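> This is the structure I have questions about; it appears just below.
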């Protein structure tokens, strides 16, 4: 039931038709977030492999990213835009929270998304298709595990009734954290050449830097911070994959 709640929360696919999930399960959706990475990363990998057979690589990658946007409803990209607006334009904790809650996108949010997608497309297009497909699956799942640790390291910055999702995630227990770690790292162990395993360090470093920033300026995290952390961790994973590939 918890996995079903996770799939309902993080995707727009009609998993809600399977069964009605009690509200309490939505407090634990971050626990199994890496499993959603199997779905979205696998869908992207499959799309890239298929479309690259008959389309230029840049077009294939854009279509690949579109698939995830359709699956997730641009949930994480919305978080990144709000994160950039809040931390870019906010001069105090309250101002950052106010800006991030505003549904309108500002200059920092627009620029953040432009640079994010430009760097993402460029990073993937310079890799061989086979490696890019594997990187998509591995980077998605592992970066979701890294980003999920935000709930274990920072308090929620708002009251529950003020959150966009109307829910505050429960912290993970040791067993749950271990399961998330396995779910996040298993695709790398199964599919990624050992030379590229060093790329797993990049999302961890980016996560720590972002947590430090949030702790200093926000004294906590929000749902937007979760989405932004995931995307930036994932982007760093592809950067290091590129670095290793060009130096092998």
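> Can you pull the one-decimal nm distance between simple spin-label points at residue 115 and residue 74, each 7 Å off the Cα toward Cβ?
2.0 nm
> Evaluate the distance, in nm, between pseudo-label points positioned 7 Å from the Cα of residue 201 and of residue 50 along their respective Cα→Cβ axes.
Simple spin-label model gives 3.8 nm for this pair.
> Same structure, new question: Between residue 212 and residue 13, 0.36 nm times their residue separation minus their Cα-Cα distance comes to what?
Numbers: separation 199, 0.36 × 199 = 71.64 nm, distance 3.41 nm.
Stretched fully, the residue 212-residue 13 segment lengthens by 68.2 nm.
> Also, I was wondering about something else. Quickly rank 85-94, 142-151 as a protection proxy: mean count of other C-beta atoms within 10 Å, highest first.
On the way: 85-94: 16.1, 142-151: 26.1.
So the peptides 85-94, 142-151, ranked by packing, come out 142-151, 85-94.
> Once you put a point 7 Å from the Cα of residue 126 and another 7 Å from the Cα of residue 23, both along the Cβ direction, what distance in nm separates them?
Rounded to a tenth, the inter-label distance reads 4.9 nm.
> On C-alpha positions alone, give me the angle between the axis of helix 223-247 and the longest principal axis of the chain, in degrees, nearest 10.
20 degrees
> What FRET efficiency do you get for residue 248 and residue 94 if R0 is 41 Å and r is their Cβ-Cβ distance, rounded to the nearest 0.05?
Working: r = 49 Å, r/R0 = 1.19.
For residue 248 and residue 94, the calculated efficiency is 0.25.
> Relative to the longest principal Cα axis of the chain, at what angle does helix 75-89 sit, 0 to 90 degrees, rounded to 10?
Long axis of 75-89 versus the principal axis of the chain: about 60 degrees.
> Between the helical axis of 57-72 and the dominant principal axis of the chain, each derived from Cα atoms, what acute angle in degrees is found, rounded to the nearest 10?
30 degrees
Bear in mind that the values in this text are calculations on the coordinates, not laboratory data. On a predicted model such as this, the values are computed, not experimentally measured, just so you know. Using ideal geometry, Cβ is built from the backbone for each residue, glycine included, and neighbour counts are taken over all protein chains shown.
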